[in-house]
Amino acid sequence: MAASDRMVLGPLVGSIDQGTGSTRFLVFNAKTAELLSHHQVEIRQEFPKEGWVEQDPKEILKSVHECVERTCEKLQKLNIDITNIKAIGVSNQRETTVVWDKTTGEPLYNAIVWLDLRTQPTVERLLKRIPGKDKTFFKLKTGLPLSTYFSAVKLRWLLDNVEEIRQAVDDGRAVFGTIDSWLIWSLTGGKNGGVHCTDVTNASRTMLFNINSMEWDPELCQFFDIPMEILPKVRSSSEIYGLMKICPSLKSGALAGVPISGCLGDQSAALVGQMCFQDGHAKNTYGTGCFLLCNTGQKCVFSEHGLLTTIAYKLGRDKPVCYALEGSVAIAGAVVRWLRDNLGIVKTSQEVENLAAEVGSSYGCYFVPAFSGLYAPYWEPSARGIICGLTQFTNKKHIAFAALEAVCFQTREILDAMNKDCGIPLSQLQVDGGMTNNKILMQLQSDILCIPVVKPSMPETTALGAAMAAGAAEGVGVWSLNPGDLTAVTCERFEPQINPEESELRYARWKKAVKKSMGWETSEAPSNG
């Protein structure tokens, strides 16, 4: 390829997509939104005690360095000039909580992952201080119920239980952040001048951020007893936060000096990547969990049916903030990982699809994967996972099918809630995320929802959203977000293939199974934690 051919590509934008299960770095053509290359590394999850889920922040950072390095090598092999990468966006698993020492750059404890349950006693203790033990008491300020899911209670647990963190706070050395903050701080210099910031979408998942005034809320910080000086500065989702510094582990010094100029929590990033910029546009992402977001425009809509109100994006310092309603399901892709790593009935995730395809039905077996309690629309922390309807006929193929069906039923529950809150039922569902490569799952989803499911041919919409925010930032300006300039996306459609009566019957039995999963765990029960 001649040098003149290489120039045709024009500006490129990189995207760090740090999820619960893996880290990826992807590079897009800013003019065509074409994905040019990427690299992915799976991330270890640690389960030190029942209900505890942790990750090593240093492993997460190392995985980012490795993905950047490998992707740049792949681009060079393709004869693509990496100096054309003009900006980098960050998209991340939300709520996951890190506290580190700003003087040494070292984490003071493992990251506590969003679906970790250790904070249930903390939640119950805090509830006692709220009139009527109302878990929605802070809904008008935060859009969120009091739950183990959000960062404030994780941070409270760390301050209560980790002496090293308490000491570092007293000494003025400790800083808190979600994964986006940890990465941006580390990549822009770390202890040598790293930028300590977050964006509005990630801040809105902490339970310390007022989604109306768009700032950290002193009353919330007082309620959770969180010192405000450890919190990151809140910025828009699209602006230059800082420049990538040369990192010793990046052999090539690739991308040094490139601005990091986009930052969105992964579900907001997917909403942007799916071009859901209009009021009423919605998408469902199938990752470790499952997240249905509907853009409600510049108005804050509060749910009557168990959904969260969250910040969708703010694409520039002077741009308006847009809100979304969100249905959050804790366990989606994680159930496949569980079948692989815990039960050992498959060696690869792909095998789950193959097993399910062989039977084409669960034959009355239902699987409620409430490993972390139930999230939307129930917010029932006492629930635990169950498999019911077993007979001597049931085998691992039926369990694999029931696991996929569970993801679809959970989506149906949050879609029903969304339709009630919005008043206008969705006529089709836009989907993305790793699990959408599973064709059985997508067909099942359409059958269970009784509406078409539409999947973009380029499923990396989360990374694309962060790249769009980075490329469109003031001072970068290589990606236009004007509706007329956005490239049309080719899609694959899945239409319902079973009659609605059968679908309703299966859904009713699923709801029966969900009821049986509830009230399993009581806080009085002896736990080995």
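The values are calculated or read from the model by the stated rules, or taken from the named source; none is laboratory data. Just so we're clear, the structure is a prediction, and the values are computed from it rather than from any experiment. Here Cβ is always computed from backbone atoms with ideal geometry, including for glycine, and neighbour counts include all displayed protein chains. For accessibility, only protein heavy atoms count, side chains too; no ligands or nucleic acids. Shrake-Rupley method; radii C 1.70, N 1.55, O 1.52, S 1.80 Å.
Observations, loosely collected:
- The range 29-73, accessible surface, carbon-and-sulfur percent (1.4 angstrom probe): 51 percent
- Kirkwood Rh (inverse of mean 1/r, distinct Cα pairs), the range 1-96, angstrom: 14.5 Å
- Given their separation in residues at 0.36 nm each and the Cα-Cα distance between them, GLU46 and GLU501 gain 159.5 nm when the chain is fully extended.
- Gain upon complete extension [ASP160, GLU73; 0.36 nm per residue less C-alpha separation]: 26.9 nm
- Whether the range 114-239 is rounded, prolate or oblate, judged on the alpha carbon gyration tensor where a/c under 1.5 counts as rounded: oblate
- For the chain, the longest site-free run once GluC sites (Glu not before Pro) in DSSP loop states with at most 13 other Cβ atoms within 10 Å are removed: 51-303
- Placing unit charges on each Cβ (+1 for Lys and Arg, -1 for Asp and Glu) gives the chain a dipole about its Cα centre, and among ALA332, CYS276, GLY189 the Cα reaching farthest toward its positive end belongs to ALA332.
- Probing with 1.4 Å while keeping every protein chain in the model, the per residue accessible area of the range 1-102 equals 39 Å².
- Share of carbon and sulfur in the accessible heavy-atom surface of the range 402-529 [1.4 Å probe, %]: 53 percent
- Cβ-based charge dipole, the range 322-411, positive-most Cα from GLY364, SER382, THR348: THR348
- Global geometry of the range 190-239, whether rounded, prolate or oblate, following the gyration tensor of its Cα atoms and the 1.5 cut on a/c: oblate
- Backbone N within the range 311-337 under 17 Å of label point (7 Å from LYS233 Cα along the Cβ vector): 316-318
- Sites GLN298 and LYS139 - FRET efficiency at Förster radius 25 Å, r taken between beta-carbons, to 0.05: 0.85
- Rounded to the nearest 20 debye, dipole of the chain from Cβ charges on Lys, Arg, Asp, Glu: 180 debye
- Rolling a 1.4 Å probe over the heavy atoms of the protein chains gives the range 258-413 an accessible area of 32 Å² per residue.
- Cβ-derived FRET efficiency at R0 60 Å, LYS128 paired with CYS450, nearest 0.05: 0.90
- The range 205-308: C-alpha gyration tensor shape, a/c 1.5 cut-off, then a/b vs b/c: oblate
- Linear extension gain, GLN222 paired with SER427, 0.36 nm per residue minus alpha-carbon span: 69.4 nm
- Estimated FRET transfer efficiency when R0 is 51 angstrom, pair ARG317-PHE393 (beta carbons, to 0.05): 0.25
- In terms of overall dimensions, the C-alpha atoms belonging to the range 351-421 reach 39, 25, 20 Å along their principal axes, ordered largest to smallest.
- P(r), alpha carbons of the chain - 20 Å bins starting at zero, rounded %: 23, 58, 19, 0
- Estimated Rh, the range 265-336: Kirkwood, alpha-carbon pairs, angstrom: 12.4 Å
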